[in-house]
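These notes concern the structure reproduced below.
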């Protein structure tokens, strides 16, 4: 990265698309590389049998804690990057107010540059529920961006004997105002059926629901990162370059996030059971899951039809096939006298883990 270019982009004086490309292609990848170094990971690792809560309520607290740690590390490393490039009059600062953004760039005179909201999602989480609910009126289209980190625990050891340490699988950068535009278009275009003569919209502070003529603050699905957009929506007002880029990045983000969560879980379950080391399994050239010997766990989104599933089983010589959804609901089928027959199903991965350990 060139120091003068970095200064120009981070100071907020360039076109938003150019700044977005700089953050996504150069600055944030450099930060992720540092985040994944053993020296950084060891400061957030679990050691000597350290346990974290497994019940959903307290597990959410752990994930929130990890999100804060990644946010603080992002600010720390970002300042190191500036220092390494000889830029000493600019610095990243944590925003104390508990609102958008989390970080912003300042110069020695207090003038503000780009602003960044940090979101962190654990890949394996059943409900990846980070929200982006800041109203468009509170966003600066020339300076505001969102960085989403997908992370997971891993037991790999690199000369440091931790039990597990977090690792960032990937980071995605969004132009905040464009993502908010897509979010609001989709949300306003899909009001509830029981408005009761009222309206779904916004007041000066937050999104507002209306049900049967009664209004209340929206506290449910508005702004959930994995529900902002989908392939079936067409943005009818007309797409700008930034909106097209945002849609493309969002589709890649959504697909990577749900797949990486499935992949981490499938590998864990197969290793938990024991036997041959898991390996990828492909169908028509696409990676659809993992296998260990005659057992495979595949992702329903990538191999939907039962005809395709039967073909996969016969082609790969499998005896058992477990098909898992985005939310980790699962169905198990077995080959019985040359036919693939459903034999069990469940809603939770822990039930599948018990089943795999039992037989």
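The values are calculated or read from the model by the stated rules, or taken from the named source; none is laboratory data. The structure displayed is predicted, hence computed values, not measured ones. Every residue, glycine among them, receives a Cβ derived from its backbone with ideal geometry; neighbour counts consider all protein chains shown.
Tell me, yes or no, whether the stretch 61-83 has at least one residue that is assigned to a loop (DSSP other than H, G, I, E, B) and at pLDDT 90 or above. It would help to see each step written out before you state the result.
As a first pass, look at the stretch 61-83 and keep what is assigned to a loop (DSSP other than H, G, I, E, B): none.
For the stretch 61-83, residues assigned to a loop (DSSP other than H, G, I, E, B) and at pLDDT 90 or above: absent.
Checking the conditions here, which among 221, 230 is under 30 Å from residue 66 (Cβ atoms), touching a helix residue (DSSP H, G or I) at 6+ places or on another chain (Cβ under 6 Å) and loosely packed, with under 15 Cβ neighbours inside 10 Å? Walk me through it before giving the result.
Values: 230 fails: touching a helix residue (DSSP H, G or I) at 6+ places or on another chain (Cβ under 6 Å).
Unique residue meeting the criteria: 221.
For the stretch 93-101, check the following and say yes or no: at least one residue is touching a strand residue (DSSP E or B) at 6+ places or on another chain (Cβ under 7 Å), within 20 Å of residue 33 (Cβ to Cβ) and at pLDDT 95 or above.
So in the stretch 93-101, the residues touching a strand residue (DSSP E or B) at 6+ places or on another chain (Cβ under 7 Å) come out as 93-95, 100-101.
Now narrow it down to the ones that are within 20 Å of residue 33 (Cβ to Cβ): none.
Checking the stretch 93-101: not a single residue is touching a strand residue (DSSP E or B) at 6+ places or on another chain (Cβ under 7 Å), within 20 Å of residue 33 (Cβ to Cβ) and at pLDDT 95 or above.
Starting from the stretch 296-323, keep only residues that are assigned by TED's automatic domain parsing to the domain that holds residue 268, then list their pairs with residues that are surrounded by fewer than 12 Cβ atoms within 10 Å (Cβ to Cβ) whose Cβ atoms are within a distance under 8 Å, requiring at least 6 positions of separation or different chains.
Hits for this filter: 302/286.
Look through 22, 27 and report the one residue that is surrounded by 12 or more Cβ atoms within 10 Å (Cβ to Cβ), free of Cβ contacts under 8 Å to residues at least 40 places away in the same chain, assigned by TED's automatic domain parsing to the domain that holds residue 163 and part of a helix (DSSP H, G or I). Give the steps one after another, and end with the answer.
Values: 27 fails: free of Cβ contacts under 8 Å to residues at least 40 places away in the same chain.
None of the others qualify; the one that does is 22.
For (1) more than 30 Å from residue 348 (Cα to Cα); (2) surrounded by fewer than 18 Cβ atoms within 10 Å (Cβ to Cβ); (3) touching a strand residue (DSSP E or B) at 6+ places or on another chain (Cβ under 9 Å), each residue gets a yes or a no:
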{"site": "31", "(1), (2), (3)": "yes, no, yes"}
{"site": "37", "(1), (2), (3)": "yes, yes, no"}
{"site": "50", "(1), (2), (3)": "no, yes, yes"}
{"site": "74", "(1), (2), (3)": "yes, no, yes"}
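Just one of (1) part of a strand (DSSP E or B); (2) in contact with a strand residue (DSSP E or B) (Cβ under 6 Å, 6 or more places away or on another chain); (3) surrounded by 14 or more Cβ atoms within 10 Å (Cβ to Cβ) trips up residue 343, so point out which.
(3)
Does residue 147 qualify as being at pLDDT 95 or above, surrounded by fewer than 23 Cβ atoms within 10 Å (Cβ to Cβ) and in contact with a strand residue (DSSP E or B) (Cβ under 6 Å, 6 or more places away or on another chain)?
Numbers: at pLDDT 95 or above: yes; surrounded by fewer than 23 Cβ atoms within 10 Å (Cβ to Cβ): no; in contact with a strand residue (DSSP E or B) (Cβ under 6 Å, 6 or more places away or on another chain): yes.
Spelling it out, it is not the case that residue 147 is at pLDDT 95 or above, surrounded by fewer than 23 Cβ atoms within 10 Å (Cβ to Cβ) and in contact with a strand residue (DSSP E or B) (Cβ under 6 Å, 6 or more places away or on another chain).
Would you say residue 310 is buried (at least 16 other Cβ atoms within 10 Å of the Cβ), modelled with pLDDT under 95 and at negative phi? Walk me through how you get there before you give the answer.
Numbers: buried (at least 16 other Cβ atoms within 10 Å of the Cβ): no; modelled with pLDDT under 95: yes; at negative phi: yes.
Considered against the rule, which asks whether it is buried (at least 16 other Cβ atoms within 10 Å of the Cβ), modelled with pLDDT under 95 and at negative phi, residue 310 comes out as no.
From the residues in the stretch 211-223 that are part of a strand (DSSP E or B) and touching a strand residue (DSSP E or B) at 6+ places or on another chain (Cβ under 8 Å), which one is nearest to residue 264 (Cα to Cα)?
From the stretch 211-223, those part of a strand (DSSP E or B) are 211, 214-217; that's our starting set.
Within this subset, residues satisfying the condition of being touching a strand residue (DSSP E or B) at 6+ places or on another chain (Cβ under 8 Å) are 215-217.
On the way: 215: 41, 216: 39, 217: 36 Å.
Across the stretch 211-223, the extreme among qualifying residues is 217.
Scan the stretch 118-134 residue by residue and report those that are under 17 Å from residue 182 (Cα atoms) and touching a strand residue (DSSP E or B) at 6+ places or on another chain (Cβ under 6 Å).
If we filter the stretch 118-134 for residues that are under 17 Å from residue 182 (Cα atoms), which is where we start, we get 130-134.
Result: 130, 131.
Considering only residues that are more than 22 Å from residue 327 (Cβ to Cβ) and buried (at least 17 other Cβ atoms within 10 Å of the Cβ), which ones fall in the stretch 249-288?
Within the stretch 249-288, just 249 meets the criteria.
Identify, please: which residue in the stretch 208-235 is farther than 17 Å from residue 251 by Cα and within 23 Å of the chain's Cα centre (by Cα) and is, among those, modelled with the lowest pLDDT? Write out each step before concluding.
Of all residues in the stretch 208-235, those farther than 17 Å from residue 251 by Cα come to 208-222.
If we keep only those that are within 23 Å of the chain's Cα centre (by Cα) as well, we get 218-222.
Numbers: 218: 82, 219: 76, 220: 73, 221: 77, 222: 87.
Among residues in the stretch 208-235 that are farther than 17 Å from residue 251 by Cα and within 23 Å of the chain's Cα centre (by Cα), the one modelled with the lowest pLDDT is 220.
Is the stretch 325-340 home to any residue that is in contact with a helix residue (DSSP H, G or I) (Cβ under 6 Å, 6 or more places away or on another chain), on the phi > 0 side of the Ramachandran plot, surrounded by 15 or more Cβ atoms within 10 Å (Cβ to Cβ) and not in a helix (DSSP H, G or I)?
Yes, the stretch 325-340 contains at least one residue that is in contact with a helix residue (DSSP H, G or I) (Cβ under 6 Å, 6 or more places away or on another chain), on the phi > 0 side of the Ramachandran plot, surrounded by 15 or more Cβ atoms within 10 Å (Cβ to Cβ) and not in a helix (DSSP H, G or I).
Residue 12: at pLDDT below 95 and buried (at least 19 other Cβ atoms within 10 Å of the Cβ), yes or no? Can you show your working first?
Numbers: at pLDDT below 95: yes; buried (at least 19 other Cβ atoms within 10 Å of the Cβ): yes.
Yes, satisfied.
Starting from the stretch 225-248, take each residue that is without any contact (Cβ under 8 Å) to a residue 12 or more places away in the chain and assigned by TED's automatic domain parsing to the domain that holds residue 133 and list its partners that are surrounded by fewer than 11 Cβ atoms within 10 Å (Cβ to Cβ) and assigned to a helix (DSSP H, G or I), counting only C-beta distances under 9 angstrom and pairs at least six apart or across chains.
As it stands, the answer is none, since no pair meets every condition given.
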